[in-house]
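See structure below.
The values are calculated or read from the model by the stated rules, or taken from the named source; none is laboratory data. Every value quoted in this text rests on a predicted model; they were computed, and no experiment measured them. Neighbour counts run over all protein chains shown; Cβ positions are idealised from the backbone, glycine included.
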Amino acid sequence: MKRGIAVLVSVSALCGIAYFTASKWAIKHETITFYDASRDNRPVPVDIAVRRDKEMQATAGMITLPVAVINHGNTVKNTEYGFLANIFAARGYMVLSPQHDLPTDPPMVTKPGELYVGRLPQILRGVANIHLAVQEMRKLQPNADYDKVTMVGHSMGGDITMYFAKQYPDEVKKVVTLDNLRVPFVTAGKFKILSFRSTDPQFKADAGVIPTDEECEKAGIQVVKTEFQHNDMRDTGPDVAKNSIQGMLDKFLSAADSEIAPVDTQSSPPNILEPGPVALMGPAKS
């Protein structure tokens with residue numbers, strides 16, 4: 001019996017090592033810094049995540065990669081949303097995560113009474129960073145769909161995402177936000193929207209940001225009411241929060257991207273697609 005247990009433990013350990021090795025090699029992460037000549041050569045570091053096999057196929061001209069852009073929250077690094085980037089990359093996307101703020105930027109100050117509480121300059125800076133990243137990536141990997149991207153963002157990054165979708169709807173395929181608080185949802189119905197909402201007394205959406213039930217139903221907006229805190233929605237958050245968000249996001253992408261196959265589920269952690277303690281998708285009341 002003891003020998004049997006020892007063998008089982010050894011096999012489990014080997015499976016664990018095999019999984020982490022496969023994960024390491026399946027998805028590539030690298031950071032490339034671009035410089036915007038129109039803004040005094042402002043540096044814009046961009047973390048890029050892509051499946052190695054899909055990148056090879058795209059480079060060979062065999063496929064066109066769908067593109068997702070992930071926008072980070074205020075004072076948060078662009079590399080702190082790996083749990084989101086990996087879901088998109090696993091499904092065959094090329095994921096771009098620009099760094100929107102730099103240590104040399106002045107701190108963001110909330111200004112009650114002004115549009116988006118005074119955060120429009122930071123939002124416009126984010127939009128410029130996204131356009132720069134897309135423009136430069138066209139040169140490095142031309143076999144990707146930069147004309148219609150999936151926009152993703154948390155907190156301030158969610159506001160950048162929603163503002164970008166409002167101003168450039170023809171450049172957007174889908175929208176995913178995590179607790180955007182200032183910029184109202186786009187309700188034109190030109191693309192599907194998925195939004196995760198926290199249960200956090202310190203982070204409440206401004207009036208008019210979240211549409212009514214009727215508007216959500218008409219515009220194809222899905223809202224997930226979670227039990228998590230605002231700051232749980234990034235890599236530093238608890239696994240239960242990240243796994244739940246991953247599960248609901250994967251279902252959303254499965255419905256929208258049925259032609260893109262995910263990585264072999266036998267090589268995925270058994271709970272990565274479990275929705276966990278989140279409410280069913282549906283419109284949220286404003």
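Residues of segment 216-237 that are charged (D, E, K, R), within 15 Å of the chain's Cα centre (by Cα) and not in a loop (DSSP other than H, G, I, E, B): D232 alone.
For segment 101-114, indicate whether the set of residues that are in contact with a Lys or Arg (Cβ under 6 Å, 6 or more places away or on another chain) and surrounded by fewer than 15 Cβ atoms within 10 Å (Cβ to Cβ) is non-empty. No. Taken over segment 95-123, the criterion of being assigned to a helix (DSSP H, G or I) and either on the phi > 0 side of the Ramachandran plot or without any contact (Cβ under 8 Å) to a residue 24 or more places away in the chain (or both) is satisfied by L115, Y116, V117, G118, L120, P121. From the list T79, T75, T161, T150, the one residue that fits, being among the polar types (S, T, N, Q), closer than 28 Å to I245 by Cβ and in contact with a Lys or Arg (Cβ under 6 Å, 6 or more places away or on another chain), is T150. When every residue of segment 47-57 is checked against the conditions, at least one turns out to be modelled with pLDDT of 50 or more, on the phi < 0 side of the Ramachandran plot, surrounded by 15 or more Cβ atoms within 10 Å (Cβ to Cβ) and β-branched (V, I, T).
Candidates D145, D206, D213: the one that is within 27 Å of E55 (Cβ to Cβ), out of contact with any Phe, Trp or Tyr (no Cβ under 6 Å at 6 or more places or on another chain) and among the charged types (D, E, K, R) is D145. The residues on offer are P211, P184, P201, P142, and the sole one that is of a type outside the set (K, R), part of a loop (DSSP other than H, G, I, E, B) and either in contact (Cβ under 8 Å) with a residue 40 or more places away in the chain or in contact with a Ser or Thr (Cβ under 6 Å, 6 or more places away or on another chain) (or both) is P211. How about segment 148-180: which of its residues are more than 14 Å from A68 (Cβ to Cβ) and of a type in the set (D, E)? D159, D170, D179 - these are the residues of segment 148-180 that are more than 14 Å from A68 (Cβ to Cβ) and of a type in the set (D, E).
Within the option set A89, A188, A144, being among the aliphatic types (A, V, I, L, M), more than 14 Å from the chain's Cα centre (by Cα) and within 23 Å of V44 (Cβ to Cβ) holds for one residue only, A144. Apart from one condition, S155 fits all of (1) within 22 Å of V50 (Cβ to Cβ); (2) polar (S, T, N, Q); (3) in contact with a strand residue (DSSP E or B) (Cβ under 8 Å, 6 or more places away or on another chain); the exception is (1). Taken together, the residues in segment 42-77 that are within 14 Å of H100 (Cα to Cα) and not small (G, A, S) amount to 14. Within the set A68, A37, the sole residue that is of a type in the set (A, V, I, L, M, F, W, C), surrounded by 11 or more Cβ atoms within 10 Å (Cβ to Cβ) and at pLDDT 95 or above turns out to be A68.
Over 30 Å from E55 (Cα atoms) and aliphatic (A, V, I, L, M) - does that describe any residue in segment 87-97?
Checked segment 87-97: no residue is over 30 Å from E55 (Cα atoms) and aliphatic (A, V, I, L, M).
Among the residues of this structure, N78 does not count as one that is touching a residue at least 40 places away in the same chain (Cβ under 8 Å), surrounded by 15 or more Cβ atoms within 10 Å (Cβ to Cβ) and assigned to a loop (DSSP other than H, G, I, E, B). The condition of being at pLDDT below 95 and within 17 Å of the chain's Cα centre (by Cα) holds for only one of T161, T75, that being T75.
From the list I63, I70, the one residue that fits, being touching a strand residue (DSSP E or B) at 6+ places or on another chain (Cβ under 8 Å) and either of a type in the set (A, V, I, L, M, F, W, C) or in a loop (DSSP other than H, G, I, E, B) (or both), is I70.
In the set A165, A128, only one residue is farther than 16 Å from M94 by Cβ and crowded, with 20+ Cβ neighbours inside 10 Å; that residue is A165.
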